[in-house]
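To keep things clear, I will list the structure first and then write my remarks on it.
The values are calculated or read from the model by the stated rules, or taken from the named source; none is laboratory data. Since this is a predicted model, take the numbers as computed values, not measurements. Note: ideal-geometry Cβ built from the backbone for every residue, glycine included; neighbour counts use all protein chains shown.
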Amino acid sequence: MATTIRTVSILPAFPILTKLLFLIPIAAGLFGVLLPSLGYFPDLGGNQFHFEIFHQLLDHPALPNSVSLTLFSGISATFISLCLAILLAAMLSQDGNSGNNKNKITRFFVIVQRGLIPLIAVPHAAIALGLAFLIAPSGWIIRSLSFLVMGWETPPEWVTLQDPFGLSLIFGLVLKETPYLLLMILAALPQIRAQEYLRIGQSLGYGNFRSWLKLVLPQVYPLIRLPVFAVLAFSLSVVDVALILGPTTPPTLAVLILRWIDDPDLSFRFLASAGAVLLLVITLGSLFFWRVSEWLVLRKWRNWLTNGKRGSGNEAHNLAALSGLVLLGTAFFSVLGLAFWSLSLRWPYPHVLPQRWTSRNWERHWSSLQETAFTTLEVGVISGAIALFLVVGCLENEQWRRVKFSFRSQWLLYLPLLIPQATFLLGIQILAVRLEMDGTFLLLVWSHLLFVLPYIFLTLADPWRNLDARFPLIAQCLGASPLRILFRIKLPLLLKPLLVAAAIGFAVSVAQYLPTLFAGGGRFATLTTEAVSYAAGADRRVIGVYGFLQALFPWIALLLALAIPRWRFRNRAALS
Amino acid sequence: MNNNLKTNSTAKSGTTAKPLNYFILAFMLLLLSSFSAYGNSWPEIRERAKGQTVYWNAWGGSEEINSYINWVGIRVKNEYGVTLKHVKLAGTADAVSRVLAEKAAGRTNNGSVDLIWINGENFAKMKENGLLFGPFTEKLPNFKLVDFSGKPTTLIDFHIPVDGFEAPWGMAKFNFVYDSARVSETPKSIPELLKWAERHSGRFTYPHVTDFLGSTFLMQALIELTENPEVLNHSVKSKAAFVKTTAPLWNYLNQLHPHLWRSGKSFPSSSSVQQQMLNDSELDIALSFNPSATSAAIASGTLPESARTFVLKKGTIGNTHFVAIPFNSGSREGAMIVANFLMSPEAQMEKQNPGIWGDSTVLAIAKLSKQDQQKFKSLPLGIATLPPEKLGPTQPNPHPDWKNQLDAEWQRRYGQ
């Protein structure tokens, strides 16, 4: 009993520690951009507070178009991803009891799901680079068209990439965000006992899809609101994807800010800071707009939910199948394109396959790849392990002390996902330099932790909370200590979600570009920083090497996370 | 004494101080310099450099350049015991901003950048803001081999005096790249380029002005189109002068843009992307800033065998690129060792080889030993490289002021 009390009494330290780890850098980061945006940056001669810079920002000729492009691409990408994820999730949660035909359909969507989920692990930059080659006017699709039918000697003058409306940017984002939202929906379904509702719906004569929309969606949406918000904030402020797929005249606001930061005229720092503050305002405004829209949609459609009209809604099947196929095919060929490039010596237009193959690209980079891959692995594993430790501590604290992680602290955890990266990383950098912490491994891990932990929490919290409470209770009755219960009962039972959460955390760490750049002081090269800096050089063969590895690493982690429980519990069907 | 004042560039002396204070200050500086972390004589520098790690921040977009830098690392490790780490940048300004952030935070030693590949406006900004260590080039034995008279841009970078704050590394000259499989006759002047573009709509473009090659194209066109190019050698005198001088350029671009790739509504984001578009047959003519880069690109497989280069009859802009040491580097001696090695005949020869990188030397061949002269002469020219006598005259880069204002005006007109 004494050990129980002792163990339980240190648990409150976990949420406190976690909150501190989050609050300090975020506060520092926000101050770090807010002050220069108001004119205060002594080393550049700014000693007074004023609003001049915001006037300057609002008068900037590129701003209106840039802001509307940002809003249009960010909101559309989120909306489309959400619709597709809902559509696919609805198809997946049909039960296969009613006939052979249905079984086939379900099996098809299960294949789509199996193919799409690993995409979560593939970093945005890698997918964007692969997609760019796929859809460019001289890209793979047009090469194949030219080879099969058209016979174009030079690529057609079509605007398929970096189009002024940001459509290719939206496509790239949808490709990445749909699988993520799909996973979030699928993870939330058991909590609301979706299958039972669907059966009730069907027994009342509603079609599958219709019962899903009327019964499941209204319950599942509140559970995935935070992930949707994270997607929205991310789409509005993404840098690497927008650099590769987005338009250039003007670019999105986040890219414009990066251009100002990169301007050798150091006085542009003020403008960049003001831009970062504006991006924050835009993001918060969009989140608010989204929330209001939710409410409006609900008001408008509430009657539809209860109007009692039956119907199968099966017309959605074709749309879902088509979008599933497009997403899956695009993703597959994007990554395959990277792999082919990494093995090519020359692959000019209009050749559908490389003219000359070679292993030279891999050999040439082998030694530097080893070092880079090791750093990537190291940061990913360490930040993932720390995050897992803290999250498990917080969740245990919740259960033993019967306090739910408060709404407010949960939002705090998601702040790094909701605040534009460029906004607070610049500020963190300045503070880190003052503390002589920049370019240290510690700061690098810390900055990754800010992004890894929320995703791990998001993935692990629900399985943890939903674990049948009777198991630990029985163990407790048999005299087991909390630690023993954790290690002997909970962790083994939750092995699969734990490993999946760890793999996702690892994938998030691998994908980090700006944090590695800012916190690492340029001294730590990861696969992602190398891939993006090679992307600046536009040699697709090298980009292929780094992009492919960048995609492969997290994918292997995810595969392991799924395979280990299956092997470990090969004789326990419900756990594998 | 004067020398000591110069070496400690970060020290400031009060202007109102009395003679006695001057004396004390000078004395303290003397003491300081004898205890300072960096040596003054070459053997002393070599001694201190041993075991140091130099973080060299350099653009990392080119495979050829990266493997050359890798080779440099192996050489300085073996010969001087200096460890070289290449921090691969997407743009030089990344490193400038890091040094700035460090200065803002008051870190005057052990900064994260030890050596930086730089020139032009980045150099101007760093020098102006006191972000550089130096002058140091006089201390480097190989510095005297540089061709100062034949290559004056090794001393004056974009009209900003170098003053020993950056060591010359390579020479660049603006030129055009084209695919001879599709282009038979190449334009000889900026107006002829417009005629060509009109006949071959959509087959030429230039990079966005955020890329240095994009703004160099603007300056190149301006030099040829404006009435009095002499004014470009000084800072912009007034708004009216800018409007008057640049009017022919905007007139020209307004005519050119409808015939560019995507009708001039979009531009490649960088020179590398543009080169890739030439490789992908999306363009017929592209731009380059290194006359032998095309040969090197053919050798490595990033341009077709049929790629060739051409220049303009009246000449093209040429300049020098350098390496500099930030004021707060903790490995100054190591950085100086690397800078000196980069100017050595051995390293310069390796760099000029078009099979490796193909970047022209900054050295005066006549100053080298007979043996080295012979080796330089026997370097292959490269299949697409014009011989020196066909490269045309070299025009000076306009003052950085012009570049900044041209970029801003271009953004206002076409960047939205």
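Data overview
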{"read-out": "Residue, nearest to the chain's Cα centre (by Cα), within the range A:229-247, restricted to residues that are within 14 Å of another protein chain (Cβ to nearest Cβ) and among the small types (Gly, Ala, Ser)", "value": "A:Ala242"}
{"read-out": "Residue check for B:Ala366: assigned to a helix (DSSP H, G or I), without any contact (Cβ under 8 Å) to a residue 60 or more places away in the chain, in contact with a helix residue (DSSP H, G or I) (Cβ under 9 Å, 6 or more places away or on another chain) and of a type in the set (A, V, I, L, M)", "value": "yes"}
{"read-out": "Boolean, B:Ser180 is more than 19 Å from the chain's Cα centre (by Cα), touching a residue at least 12 places away in the same chain (Cβ under 8 Å) and over 26 Å from B:Ser266 (Cβ atoms)", "value": "yes"}
{"read-out": "Any hit, the range A:271-293, residues being within 14 Å of chain B (Cβ to nearest Cβ) and either surrounded by fewer than 20 Cβ atoms within 10 Å (Cβ to Cβ) or touching a His at 6+ places or on another chain (Cβ under 9 Å) (or both)", "value": "yes"}
{"read-out": "Top-ranked residue of the range B:126-144 - restricted to ones that are buried (at least 21 other Cβ atoms within 10 Å of the Cβ) and within 13 Å of chain A (Cβ to nearest Cβ), ranked as farthest from B:Asn397 (Cα to Cα)", "value": "B:Leu131"}
{"read-out": "Filtered residue count, the range A:259-282, keeping only those that are within 19 Å of B:Val209 (Cβ to Cβ), in contact with a Leu (Cβ under 8 Å, 6 or more places away or on another chain) and in a helix (DSSP H, G or I)", "value": "5"}
{"read-out": "Single residue of the range B:145-195 satisfying the filter (polar (S, T, N, Q) and surrounded by fewer than 21 Cβ atoms within 10 Å (Cβ to Cβ)) that is farthest from B:Lys367 (Cα to Cα)", "value": "B:Ser184"}
{"read-out": "Helices (runs of 4 or more DSSP H) within the range A:1-96 that include 1 or more residues at negative phi, touching a Lys or Arg at 6+ places or on another chain (Cβ under 9 Å) and surrounded by 22 or more Cβ atoms within 10 Å (Cβ to Cβ)", "value": "A:13-37, A:63-92"}
{"read-out": "Residue in the range A:432-447 that is surrounded by the fewest Cβ atoms within 10 Å (Cβ to Cβ), counting only those that are in contact (Cβ under 8 Å) with a residue 24 or more places away in the chain and within 8 Å of another protein chain (Cβ to nearest Cβ)", "value": "A:Gly439"}
{"read-out": "First in the range A:113-134 and charged (D, E, K, R), second anywhere and modelled with pLDDT of 85 or more and assigned to a helix (DSSP H, G or I), Cβ under 9 Å, 6 or more apart", "value": "none"}
{"read-out": "One residue from A:Phe524, A:Phe518, A:Phe548, A:Phe506 being within 12 Å of chain B (Cβ to nearest Cβ), out of contact with any strand residue (DSSP E or B) (no Cβ under 6 Å at 6 or more places or on another chain) and buried (at least 24 other Cβ atoms within 10 Å of the Cβ)", "value": "A:Phe518"}
{"read-out": "Verdict on B:Ser215 being at pLDDT below 95, touching a His at 6+ places or on another chain (Cβ under 8 Å) and among the polar types (S, T, N, Q)", "value": "no"}
{"read-out": "Filtered residue count, the range A:38-63, keeping only those that are at the interface with another protein chain (Cβ under 8 Å from one of its Cβ atoms) and more than 22 Å from B:Lys125 (Cα to Cα)", "value": "2"}
{"read-out": "Residue, farthest from the chain's Cα centre (by Cα), within the range A:68-116, restricted to residues that are among the hydroxyl-bearing types (Ser, Thr, Tyr) and modelled with pLDDT under 80", "value": "A:Ser98"}
{"read-out": "Some residue of the range B:24-42 being surrounded by 15 or more Cβ atoms within 10 Å (Cβ to Cβ), more than 14 Å from chain A (Cβ to nearest Cβ), modelled with pLDDT under 85 and under 29 Å from the mean Cα position of the chain (by Cα)", "value": "yes"}
{"read-out": "Close pairs (7 angstrom Cβ cut-off, 6 or more residues apart or separate chains): within 14 Å of another protein chain (Cβ to nearest Cβ) in the range A:156-184, of a type in the set (D, E, K, R) and part of a loop (DSSP other than H, G, I, E, B) anywhere", "value": "A:Pro164/B:Lys265"}
{"read-out": "Any hit, the range B:147-158, residues being assigned to a strand (DSSP E or B), within 20 Å of B:Phe289 (Cα to Cα) and not assigned by TED's automatic domain parsing to the domain that holds B:Phe289", "value": "yes"}
{"read-out": "Residue ID - farthest from the other protein chains (Cβ to nearest Cβ), chosen from residues in the range B:45-74 that are aromatic (Phe, Trp, Tyr) and in contact with a His (Cβ under 9 Å, 6 or more places away or on another chain)", "value": "B:Trp56"}
{"read-out": "Residue in the range B:107-116 that is touching a residue at least 12 places away in the same chain (Cβ under 8 Å), more than 7 Å from chain A (Cβ to nearest Cβ), closer than 22 Å to B:Met171 by Cα and outside any loop (DSSP other than H, G, I, E, B) present", "value": "yes"}
{"read-out": "Only listed residue being among the charged types (D, E, K, R), without any contact (Cβ under 8 Å) to a residue 40 or more places away in the chain, outside any loop (DSSP other than H, G, I, E, B) and away from chain B (no Cβ under 14 Å), chosen from A:Glu363, A:Glu396, A:Glu378", "value": "A:Glu378"}
{"read-out": "Residue within the range B:140-149 that is of a type in the set (Phe, Trp, Tyr) and closer than 30 Å to B:Ala104 by Cβ present", "value": "no"}
{"read-out": "Checklist (1) in contact (Cβ under 8 Å) with a residue 12 or more places away in the chain; (2) within 8 Å of another protein chain (Cβ to nearest Cβ) applied to B:Asp280, failing item", "value": "(1)"}
{"read-out": "Test for A:Leu226: is it under 15 Å from the mean Cα position of the chain (by Cα), surrounded by fewer than 21 Cβ atoms within 10 Å (Cβ to Cβ), touching a residue at least 12 places away in the same chain (Cβ under 8 Å) and not assigned by TED's automatic domain parsing to the domain that holds A:Val542", "value": "yes"}
